Amino acid sequence: LKSLKVYDLKDNEMKITPTFSQTEYYYSLIVPNETEVVQIKATTVSKKASIFGGGYIPLSVGNNEITIPVVAENGDIANYIINIVRE
């Protein structure tokens, strides 16, 4: 991936930990209880790669494990995982 970002419904970017890196596959984020939905936006490095998942994600109270699979041109799959904890 070239970028992986999480936004609230007011289009404010929420900070994932650690800071995004192409070689890091696990991220976390804690959001307040009133955050019921987040939007995940991801972009690929190559136009020939495909992203599955993302978009608007409803959150349950507690931990929400969200997997964003990315399929490379050669068929390799990389799963980026974001654990979002809704307080």
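Some points to look at:
- Non-local lysine pairs in the chain, meaning eight or more places apart or on different chains, with alpha-carbon distances under 12 Å, amount to 4.
- Label point distance in nm, Y26-Y7, each placed 7 Å from Cα along Cα→Cβ: 2.9 nm
- The value obtained for the chain, namely the Cα convex hull volume divided by the number of residues, is 81 Å³ per residue.
- Remark: relative contact order (the chain) = 31 percent; criterion is Cα-Cα distance under 8 angstrom and separation of 6 or more residues.
- Accessible area per residue, Å², the range 1-74 with all protein chains present, probe 1.4 Å: 65 Å²
- Accessible surface of the chain [probe 1.4 Å, protein heavy atoms]: carbon and sulfur percent: 50 percent
- Per-residue ³J(HN,Hα) for the range 16-28, Karplus 6.51 cos²θ - 1.76 cosθ + 1.60, θ = phi - 60°, Hz, x for Gly and Pro: 8, 10, x, 4, 4, 9, 4, 9, 9, 10, 10, 9, 9
The values are calculated or read from the model by the stated rules, or taken from the named source; none is laboratory data. These numbers come from a predicted model, not from an experiment. A quick note on method: Cβ atoms are made from the backbone with ideal geometry, for glycine too, and the neighbour counts reach across all protein chains shown. These accessible areas exclude ligands, DNA and RNA; they are computed on the full protein's heavy atoms, side chains included. Shrake-Rupley method; radii C 1.70, N 1.55, O 1.52, S 1.80 Å.
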